[in-house]
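Please find one structure pasted underneath; my questions will follow.
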Amino acid sequence: MRETPTWRIPLGIFGLFAGLMAYGIVIARYAPSLIGGWPTWAQTAIYLTLGLVWLLPLKRFLIWMETGRWSAPDAAQAKEKAD
């Protein structure tokens, strides 16, 4: 466990919040005009997809917030750190 605070966590929280706000505004602004005439079931599928797609980069973003690297440490590094 980390003993000293790091700047990546607050920066990451603010970055995540700003990114999600921008993503939401873009979707709310442009999606209705593009798919407004589609059937309800198709609109539902699109909005569900758009509502979940932001989760795709979240794992790497959280890893960066904790470790400072964009990919998870390999098993050897994790074991060394635990010892």
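The values are calculated or read from the model by the stated rules, or taken from the named source; none is laboratory data. Fair warning: this is a prediction, and the values are worked out from it, not measured in the lab. Cβ sites come from the backbone with ideal geometry, for glycine too, and all protein chains shown count toward neighbours.
When Tyr23 is evaluated against the numbered criteria (1) surrounded by 13 or more Cβ atoms within 10 Å (Cβ to Cβ); (2) at pLDDT 90 or above; (3) in a loop (DSSP other than H, G, I, E, B), which criterion, by number, is the only one it fails?
Answer for Tyr23: the failing condition is (3).
Something else about it: Would you tally the residues in the range 4-59 being aliphatic (A, V, I, L, M) and over 21 Å from Trp70 (Cβ atoms)?
The qualifying residues number 14.
Taking only the range 1-13 into account, find how many residues are loosely packed, with under 10 Cβ neighbours inside 10 Å and either hydrophobic (A, V, I, L, M, F, W, C) or in a helix (DSSP H, G or I) (or both).
Residues in the range 1-13 being loosely packed, with under 10 Cβ neighbours inside 10 Å and either hydrophobic (A, V, I, L, M, F, W, C) or in a helix (DSSP H, G or I) (or both): 2 in total.
Okay, moving on. Can you run down the residue pairs with Cβ atoms below 6 Å, 6 or more apart or on separate chains, where the first is in the range 11-28 and within 13 Å of Val53 (Cα to Cα) and the partner is surrounded by 12 or more Cβ atoms within 10 Å (Cβ to Cβ) and modelled with pLDDT under 90?
As it stands, the answer is Tyr23/Trp54, since those pairs meet every condition given.
Within the range 39-69, restricting attention to residues that are within 18 Å of Leu20 (Cβ to Cβ) and among the hydroxyl-bearing types (Ser, Thr, Tyr), which residue is farthest from the chain's Cα centre (by Cα)?
So the residue we want is Tyr47.
Of the residues Arg29, Arg60, only one is surrounded by 11 or more Cβ atoms within 10 Å (Cβ to Cβ) and among the basic types (Lys, Arg); which?
Going through Arg29, Arg60 in turn, just one is surrounded by 11 or more Cβ atoms within 10 Å (Cβ to Cβ) and among the basic types (Lys, Arg): Arg60.
Please enumerate the residues belonging to the range 35-52 that are part of a helix (DSSP H, G or I) and touching a helix residue (DSSP H, G or I) at 6+ places or on another chain (Cβ under 9 Å).
Result: Ile35, Ala42, Gln43, Ile46, Tyr47, Leu50, Gly51.
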